[in-house]
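The structure under discussion appears below in the form of C-alpha cells.
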C-alpha cells in the first residue's frame, strides 16, 4: 500500500537546542495516526514541518505524494491544519468564520457538507455567536469544521483536545473517526496517554525522538516487564521512596491513587514478598494490566539508559 | 480576486467589531485638530504693549492711535526707563515701542533708527510674532514713497498666512501625524495579531497569496484614512478657515500617496515583530515620535542641526507637510513640489520591496 505521509530522518534544532532528532515514520491512507508525548516533546515543531510552515535542518518527507521541499505550495492546497492554540477569528461569528475559510479554500459550506454535517449540526444553534464566546469544546469543533471545509487529503491536528472537557473530547474523537472513514488521513498529537487508544496507530515521542510506533494494542501487549500495582492508606511519597530502595524494582511511578512498579517477570514473586515484608497499610491490585502510560514510561526509561 | 474580496471583507469586519478602536481612529483626528486649533496656538491677541513716546508729534500720536485700534494690542503708555524695566520684568507687558525724540523730523529727513522695539524674548515664538505685527502696523504709518527699510532695519513680509495663524501651519502637520498613526500602527498591529494568535499559519497554508494578505490589510485602513482626510479638511476649513488654495484633486492625490507610504511602514514593522505589543511600541516610539518632532509640526525644521535635518528626510511626513503647504496655502505649480513627492514615492517603494522580501512563506 502506498503511504500517505512518509518522513525520513527529520531533524530540527532551535539555536543549538535539538527539537527533533531523526524522525522516521509512515502513515497509511485514511489512518488516524497519533503522536503521544508530553509538552515540549517536539510535537508542534513536527506538525509545523509537515504542514510546510517550518523548514527542516535535515531529512525530508512526502505528503500525499508531494515532496516537502519542492512541492510545498502543492501540499498546502491539499492539507487541513488545526494549530494548537485556537487560531480562528474570535471577533467573527461561527458563520462568518466558516464562510471566510470556505471561500479562502475555494469551497463552500454546501459542497462538502456531508463531511462536516455531524459537527456542524452541533454548531448550528450558535452560528450567530462570536467564536470567542464559544465553550472550549465548541471552539475545537468550529476549528475542525474550518480545517475540513475544503475536504483535505490529509488533516493535521495539533493537540486538538487540550483544555477540552472529557465529554467534548469523546465527541471530538467520534467526529475524527467519521472523518477518517471518509478517506482522510489524520495526524493528531496529544499529551493525554489515554487518547492513544482512539488512534489506529501511535508514535510515542519524547525529547524530539520517536520511542516506538505501533498500534496501541501491540504496544501494550509487547510490554516486556512484569507490573505490580498497589495502593496505600499511609504516606504515598514515603512508600515510593522506600520501594525505590529495593534493587529488584526497576521503576516506581506514582499513577494518581496507585503506585506502579515494574520488574523482570522472573523476579515478580520475590519482589512481592519483599514488599509485603517491609510495608504495612498496602493492598495489591489483582491481575494488573499495563496501559499506554506504563509503556511510555518504560520506553522513556530505556531511551535515557 | 474572490480570495482578495473575502479577505478584505474579513478585515472590515475586524475593524467594525472593535468599536472602541474604531471610535478612537475616527474621533482622534477631530480632537487633535480642535486642540491644535484652539489651544496650542502661538497667535497673539490682546498683547500688552508698552509705548514710550519721546517725540510727542502729530505723527507719533497717530501711530499710537493705530496700535490702540488694533485688536492685537492693548496699549499702555510708559514714561521712564525704570517704568519700562519694571513692566517687562513683572511680565505685565510683552513688548515696548520707544519712539525716539524728533522721530517725525528725522523720518521726513529720511533718517533711520527713529523707533526702537524691545521684546520679551523669553518665548521666542511669541516675540517673533509680535515683531511682525508691530512692523505691519508701522509700515502703514510710513510714507509710501519711501522704502520701509529706511525706518526699520527689517520689515519681513508675511505671505500666505499674513496673520501667522498657527492652525494654518498645524493642519498639514496634523494630517501627517494622524495618518501615520492610523496607517502604520493599525496595519502593523493587525498583522502582528494574526501572527500572535496563530491564524497567520492557517492563512499561509491557504491558497491566499501574500499580496492578498498584505494589500487586504492595507485597504480598510486606507478607506478610514480617506474619511479622516475629509474630516480634517472640512473641520479646518469650516471652523478655522484654513483655505485650500490649490487643486483639491492634487490635495487628495498626494494625501493618498502619503497614506500608502505610512501603510508600507506598518507593513515593514509587522514583518519584524511577532506580537501586537511590540508592533505598537515600535510604531509609537519609532515612527510617531519622529513624525511629530521632525515633520515641522512643532519645531521648525530649519532650526534643527544639519544632521537632524537630513535625518528628518527619511520620514515621509516632512515631505508631505511641504507638499501640503504648497497646495493648501500657496497654490504653487506642481513642479515646485515634484521633488518631495518623488522622495515619498521612493521611500514607499523601498519599504515595500524590503517588506515583501521579508514576508516569509516559510519559517527557518
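Please treat every number below as a calculation from the coordinates, not as lab data. What you are looking at is a predicted structure, and each value in this text was computed from that prediction instead of being measured. Reconstructed Cβ throughout: ideal geometry from the backbone, glycine too, with neighbour counts over all protein chains shown.
Taking R0 as 51 Å, what FRET efficiency do you get between residue A:233 and residue A:24 from their Cβ-Cβ distance, rounded to the nearest 0.05?
Working: r = 47 Å, r/R0 = 0.92.
The formula returns an efficiency of 0.60 here.
Using only the Cα atoms of segment B:218-303, what semi-axes does the equivalent ellipsoid have when each is the square root of 5 times a gyration tensor eigenvalue? Give whole Å, largest first.
Numbers: eigenvalues 145, 64, 27 Å².
Each semi-axis is the square root of five times an eigenvalue, giving 27, 18, 12 Å.
Using only the alpha carbons, work out the radius of gyration and Dmax of chain B in angstrom.
26.7, 89
Write down the percent of antiparallel bridges among all DSSP beta bridges whose residues are both part of the protein assembly as shown, to the nearest 5. Kindly include the intermediate steps, with their values, before the conclusion.
On the way: 38 of 66 bridges.
Counting DSSP beta bridges with both partners in the protein assembly as shown, the antiparallel share is about 60 percent.
Taking Cα atoms, how many degrees apart are the long axis of helix A:292-304 and the longest axis of chain A, rounded to 10 and kept between 0 and 90?
80 degrees
Shielding by partners for A:95-103, please: the mean number of other protein chain Cβ atoms within 10 Å of each residue's Cβ.
If you average over the peptide's residues, the count of other-chain Cβ atoms is 3.
Give me a single rounded figure for A:48-54: the average over its residues of other chain Cβ atoms within 10 Å of their Cβ. If you can, show how the numbers build up before the last one.
Details: counts 3, 2, 0, 4, 4, 9, 4.
Other-chain Cβ atoms within 10 Å of each residue's Cβ, averaged: 4.
Select from A:49, A:272, A:79 the residue whose mean-square fluctuation is largest in a Gaussian network model of chain A (Cα-Cα springs shorter than 10 Å).
Comparing A:49, A:272, A:79 in the GNM, the peak value goes to A:272.
Whole angstrom only: what separates the Cα centroid of segment B:166-238 from the Cα centroid of segment A:61-106?
Segment B:166-238 and segment A:61-106 have Cα centres spaced 27 Å from each other.
Can you tell me the convex hull volume per residue for segment B:283-334, based on C-alpha atoms, in Å³ to the nearest whole number? Spell out each step's value before the answer.
Working: hull volume 4.7 nm³, N = 52.
Roughly 91 Å³ of hull volume per residue.
Could you give me the percent of Cα pairs per 20 Å distance bin for the protein assembly as shown, shortest bin first, beginning at zero and ending with the bin that holds the maximum distance?
15, 31, 24, 15, 11, 4, 0
Using Cα atoms only, what is the angle between the long axis of helix B:210-238 and the major principal axis of chain B, expressed in degrees (0 to 90) to the nearest 10?
The angle comes out at about 30 degrees.
Along the three principal axes, how long is segment B:47-150 when you take its alpha carbons, biggest first, rounded to the nearest angstrom?
So the extents along the principal axes, rounded to whole Å, are 38, 27, 23.
With a Förster radius of 30 Å, plug the Cβ-Cβ distance of residue B:5 and residue A:57 into 1/(1 + (r/R0)^6) and report the FRET value to the nearest 0.05. Before the final figure, lay out the partial values.
Working: r = 39 Å, r/R0 = 1.31.
That pair, residue B:5 with residue A:57, gives E of 0.15.
Could you calculate the FRET efficiency of residue B:364 with residue A:70 from 1/(1 + (r/R0)^6), where r is the beta carbon distance between them and R0 is 22 Å, rounded to 0.05? Before the final figure, lay out each step's value.
Details: r = 18 Å, r/R0 = 0.80.
Rounded to the nearest 0.05, the efficiency is 0.80.
Translational diffusion coefficient, Stokes-Einstein: compute it for segment A:224-289 using the Kirkwood radius over C-alpha pairs as Rh, at 37 °C and 0.692 mPa s, and state it as an integer in µm² s⁻¹.
Values: Rh = 11.7 Å.
D = 280 µm²/s.
Assuming 0.36 nm per residue, please report the length gained on full extension of the stretch residue B:311 to residue B:89 beyond their Cα-Cα distance. Intermediate results must be reported in sequence, preceding the final value.
On the way: separation 222, 0.36 × 222 = 79.92 nm, distance 3.97 nm.
Gain in length upon complete extension: 76.0 nm.
Just tell me how shielded B:8-21 is by partners: mean number of partner chain Cβ atoms within 10 Å of each residue's Cβ, no decimals. Before the final figure, lay out each step's value.
Working: counts 0, 4, 10, 0, 0, 6, 3, 1, 1, 7, 1, 0, 0, 0.
Other-chain Cβ atoms within 10 Å of each residue's Cβ, averaged: 2.
Mind checking the full-extension length gain between residue A:109 and residue A:214? Use 0.36 nm per residue of separation minus the Cα-Cα distance, one decimal, nm. Walk me through the intermediate numbers first.
Details: separation 105, 0.36 × 105 = 37.80 nm, distance 3.62 nm.
Result for the pair: 34.2 nm of gain on full extension.
What would the Debye equation give as log₁₀ I(q)/I(0) for segment A:112-222 at q = 0.12 Å⁻¹, counting only Cα atoms as equal point scatterers?
The computed values of log10 I(q)/I(0) come out as -0.45.
Per q in 0.20, 0.25 1/Å, what log10 I(q)/I(0) does a Debye calculation on the alpha-carbon atoms of segment A:1-107 return?
Summing over Cα pairs of segment A:1-107 leads to -1.13, -1.42.
Roughly how compact is chain A, stated as its Cα Rg over 2.2 N^0.38 Å to two decimals? It would help to have the intermediate numbers written out before the result.
Values: Rg = 22.2 Å, N = 305, 2.2 N^0.38 = 19.3 Å.
Cα-based Rg divided by the globular estimate yields 1.15.
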